[in-house]
Amino acid sequence: MVRGELLYEGKAKRVYQTERDDVLLVSYKDDATAFNGQKRGTIVGKGAINNQLSNAFFRQLEASGVPTHWLEAVGERETLVRRLTMLPIEVVVRNVAAGSLASRLGLEEGGRFPRPVVELYYKRDDLGDPLINDDHALVLGLATAEELAAVKQMALQVNEVLQGLLERAGMLLVDFKLEFGRTVDGQLVLGDEISPDTCRFWDLATGERLDKDRFRRDLGRVEEAYQEVFRRIQEVV
Ligand code: TMP
């Protein structure tokens, strides 16, 4: 598939047109940002690792019946996906208190929840991606009630699949962020990526953070954490 015109450049990926109208080529970058782009840096090798990890996760999800945009890997850091019209919503699933939820609700990081917590964020960089509820999404016209129900059901299914996979790889799936969109023929599917940029993975035995929090919080050994997740996931898929 020929790499066509650059359609969009985000913080961590570039998206190119292909010779097919309904297929896009995603190229993962080593660039890392945090706090809505205020902190910037590079995580050497991240693009290749996130591409291959995300592909491994999407393959497992497809095999488990979760519809996704994933088509095929075409290079170390490039993948073909179905073109989607994205819902302007980030769906976060949390199994363990951490990050913004721990701060917002005054919880210590590390407490396991008795059931997963699903949150919606309005994807608006200029507003800092605010937390919203279903009513907000509906009155803003971000999604229909049916879409919200479908998205939450798929997000919980993703949680089930990923939790099992991560556990086999000796990691705890603390939380993660998903994005959904509609294909050209109207199917609602999972899009974007699943990687240490968009998830929290903690070592099951030691609690060590093996994700982008190492970059966000200046914990050091950032590249090593991404490599470690990649190594462990390759062993279980
Ligand atoms: P949070 O605790 O900062 O709200 O993050 C929740 C999860 O969402 C965590 O796994 C990291 C992921 N995430 C993103 O993928 N993109 C973002 O911009 C943010 C803030 C979080």
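The values are calculated or read from the model by the stated rules, or taken from the named source; none is laboratory data. Source: prediction; values computed, not measured. For neighbour counting, all protein chains shown are included, and Cβ atoms are generated from backbone atoms with ideal geometry for every residue, glycine included. Heads up: the accessible areas ignore ligands, DNA and RNA and are worked out on the full protein's heavy atoms, side chains in. Shrake-Rupley method; radii C 1.70, N 1.55, O 1.52, S 1.80 Å.
Here the mean projected area of the convex hull built on the C-alpha positions of the chain is 12.7 nm². By the helix-only formula, in which each DSSP H run with n ≥ 4 contributes -39500 (n - 2.57) and the sum is divided by residues, the chain has a 222 nm mean residue ellipticity of -10000 deg cm²/dmol. Nonpolar atom fraction for the chain, defined as the carbon and sulfur part of the 1.4 Å probe accessible area, stands at 49 percent.
Solvent-accessible surface of region 147-237, averaged per residue with a 1.4 angstrom probe and all protein chains in place: 40 square angstrom. Note on Q38 and Q234: the extension gain reaches 67.3 nm, defined as 0.36 nm multiplied by sequence separation minus the Cα-Cα distance. Considering all different alpha carbon pairs of region 136-237, the Kirkwood hydrodynamic radius works out to 15.2 Å. Put L61, L71 in order of accessible area, highest first, and with a 1.4 Å probe you get L71, L61.
A Förster radius of 25 Å, combined with the Cβ-Cβ distance separating L7 from E146, puts the computed FRET efficiency at roughly 0.30.
Per residue, region 10-112 exposes an accessible area of 44 Å² to a 1.4 Å probe, with every protein chain left in place. Placing unit charges on the Cβ atoms only, positive for Lys and Arg and negative for Asp and Glu, gives region 85-192 a dipole magnitude near 260 debye about its Cα centre.
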